[in-house]
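Student: Please see the structure below; I have some questions.
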Amino acid sequence: MSTVMLKMPRLGETMEEGTVSEWLVPEGQAFERGTPLVEFETDKTAVEFPALGSGRLVRTLVTQGDLVQVGDPIAEIDLMGGEDWVSGGQENQSAASDEPEDAGIEEATDAHKHAKPPMTSSGQEGRVRATPLARRAANRAGVSIETVPGTGRRGRVELSDVERSIAGSVVSALAAESWGSETGSPVLLVHGFAGDRQTFDQLGRALGRAQLSVRAIDLPSHGETEAEAQSFDDLVDALCGELNPSRPVALVGHSLGAAAAIAAAHRKGGVSSLTLIAPAGLGLHIDAEFVSGMARADSVGAVGHLLRRLSSRADAFSPALVTQIHAALSRGRLLRLADDICREGRQLVNVRSALASLANQIPVRILVGTEDRILNWRDTLDVSPAIALHVFPGAGHMPHWDAPAEAVAIIKKGVPDD
């Protein structure tokens, strides 16, 4: 048995210590690369440390509530004959935050394979999983943290959950994923038709590294959200429930999610800036075969062909990932929504006037690819001169996949300081 000592990693540039919140892998259990091993809390946030290789957790050396200094031993790991990812340079390990912004799209989207269903927020010994900021906000407001449903990773209660509870808002019914610092400027990511929050995994992590407070949701009839959408208006209603005029967000939407973002921002407010990636709802043209094909999901092969229309990088999707996407789509949850947004080869959604109005109120950016096979990118040219248009030569319907570093830089500039 090749046992090595795992030391407390530095999970942020200024981090010197952290409190053990919860071990996420029990002693004796084997794990793969990317499996979250332990969660730490600092004075501002909670962060998970994922395994940088495979192995088995032999023994934990610290327990829940222990204050641990960076570099202190925290566990014994059996490498099980594999590569030693533990011994070298642990003090500089920073979980997912060390990954390059232009990491391969297959690695980013393979998060589908590891996605877990929504969980309750109870951790070990019945302790509610919550970030320090959420606990402090709940204490100040006299709200019991146990009564606040968490929408964060693994059901963790986050500051936004407490704020929603204090404001008396309806608790979000949308599955979500968060990245970055809770104290950063808030950013909300909204995916497109037949997608889910995992399509923003790479973008979300990159924006999180910039210390923004990033949250991506699954719209109704998509991903792990149980609520169904029969129409475009159902998507807009659900998104309006995520907006709070007292805490405006930088809203980022892709494709149909961009159209929903426009409509929700126009109706509800609570948006500090609007970034639209390949937005729908600005013209008649649409690849109707893509919409109906993804809604029907006739076969794994058909879904694989359709995915390639989004981006050339879809060629890198593993067969297992395409099979999983097909399995989710074949449930038929998108059939009625598809009929509501596209008929006889034309878009039925029109948000041009709403977007023109918003462009006179808040900063608006549009990112489009010249090789978009789903929508006509030129539909974005004549909406309003107040809109900043960013054209990506050679990119398809997913500019944030095809040119991730450039897309991240533009989106970050569009996020106002909180």
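Every number here is computed from the coordinates shown, using simple stated rules; none is lab data. These numbers come from a predicted model, not from an experiment. So basically every Cβ, Gly included, is an ideal-geometry build from the backbone, and we count neighbours across all protein chains shown.
Student: Starting from the Cα gyration tensor of segment 237-357, take the square roots of the eigenvalues, sort them a ≥ b ≥ c, and report rounded, prolate or oblate (rounded when a/c is under 1.5, otherwise prolate if a/b is larger than b/c, else oblate).
Tutor: Details: a/c = 2.14, a/b = 1.73, b/c = 1.24.
Since a/c reaches 1.5 and a/b is larger than b/c, the shape of segment 237-357 is classed as prolate.
Student: Based on alpha-carbon centroids, what's the gap between segment 202-224 and segment 339-418 in Å, whole number please?
Tutor: Distance between centres, Cα-based: 18 Å.
Student: A further question follows. Need one number: % antiparallel among DSSP beta bridges in the chain, to the nearest 5.
Tutor: On the way: 32 of 57 bridges.
Around 55 percent of the beta bridges assigned by DSSP in the chain are antiparallel ones.
Student: How far apart, in nanometres, would the label points at residue 350 and residue 70 be if each is projected 7 angstrom from Cα along the Cα-to-Cβ direction?
Tutor: 5.7 nm
Student: Near residue 234, within a Cβ-to-Cβ distance under 11 Å, what is the net charge of the other residues, with Lys and Arg +1 and Asp and Glu -1?
Tutor: Numbers: positive: 336; negative: 228, 233, 237, 340.
That sum, taken over residues with Cβ under 11 Å, equals -3.
Student: Given a Förster distance of 60 Å, report the FRET efficiency between residue 360 and residue 320 from their Cβ-Cβ distance, rounded to the nearest 0.05. If you can, show how the numbers build up before the last one.
Tutor: Details: r = 47 Å, r/R0 = 0.79.
FRET efficiency, residue 360 to residue 320: 0.80.
Student: Next question. Which residues' amide hydrogens lie under 5 Å from the amide hydrogen of residue 7, considering only partners 5 or more residues apart or on another chain, with H built in the peptide plane?
Tutor: Close amide H contacts, sequence-distant or interchain: 74.
Student: Nearest-5 percent of antiparallel DSSP beta bridges in segment 175-413? Don't skip to the answer; put the middle values down first.
Tutor: On the way: 8 of 32 bridges.
Expressed as a percentage, antiparallel bridges in segment 175-413 total about 25.
Student: Let me know the Rg and Dmax you get for segment 136-235 when you use only its Cα atoms, in Å.
Tutor: Both quantities, over Cα of segment 136-235: 14.1, 41 Å.
Student: Moving to a separate point now. What is the set of long-range amide H partners of residue 271 at a cut-off below 5 Å, with H atoms built 1.01 Å from backbone N?
Tutor: Here the answer is 249, since their amide H atoms fall under 5 Å of that of residue 271.
Student: Could you line up 131, 19, 147 from fewest to most neighbouring Cβ atoms inside 10 Å?
Tutor: Numbers: 131 25, 19 17, 147 10.
Ascending Cβ contact count within 10 Å gives the list 147, 19, 131.
Student: For residue 343, which sequence-distant residues (separation of 5 or more, or a different chain) have an amide H within less than 5 Å of its own amide H, given hydrogens modelled in the peptide plane?
Tutor: 348
Student: If you don't mind, there's one more thing I want to ask. Stretch residue 211-residue 5 to full length: gain in nm at 0.36 nm per residue minus the Cα-Cα span? Walk me through the intermediate numbers first.
Tutor: Details: separation 206, 0.36 × 206 = 74.16 nm, distance 3.02 nm.
Contour length minus Cα-Cα distance gives 71.1 nm.
Student: By how many nm would the segment from residue 61 to residue 302 grow when fully extended, if each residue of separation counts as 0.36 nm and the alpha-carbon distance is taken off?
Tutor: Computed gain between residue 61 and residue 302 is 81.7 nm.
Student: Give, as a single signed number, the net charge of other residues whose beta carbon lies under 12 Å from the beta carbon of residue 59, with Lys and Arg counted +1 and Asp and Glu -1. Spell out each step's value before the answer.
Tutor: Working: positive: 56; negative: 27, 76, 78.
Counting the neighbours of residue 59, the net charge comes to -2.
Student: If you stretched the chain out fully between residue 386 and residue 139, how much longer would it get, using 0.36 nm times the residue separation minus the C-alpha to C-alpha distance? Write out the running numbers ahead of the final one.
Tutor: Numbers: separation 247, 0.36 × 247 = 88.92 nm, distance 4.35 nm.
Value of the extension gain: 84.6 nm.
Student: Say R0 is 41 Å: what FRET efficiency, to the nearest 0.05, do residue 30 and residue 289 get from their beta-carbon distance? If you can, show how the numbers build up before the last one.
Tutor: Numbers: r = 44 Å, r/R0 = 1.08.
After rounding to 0.05, the efficiency reads 0.40.
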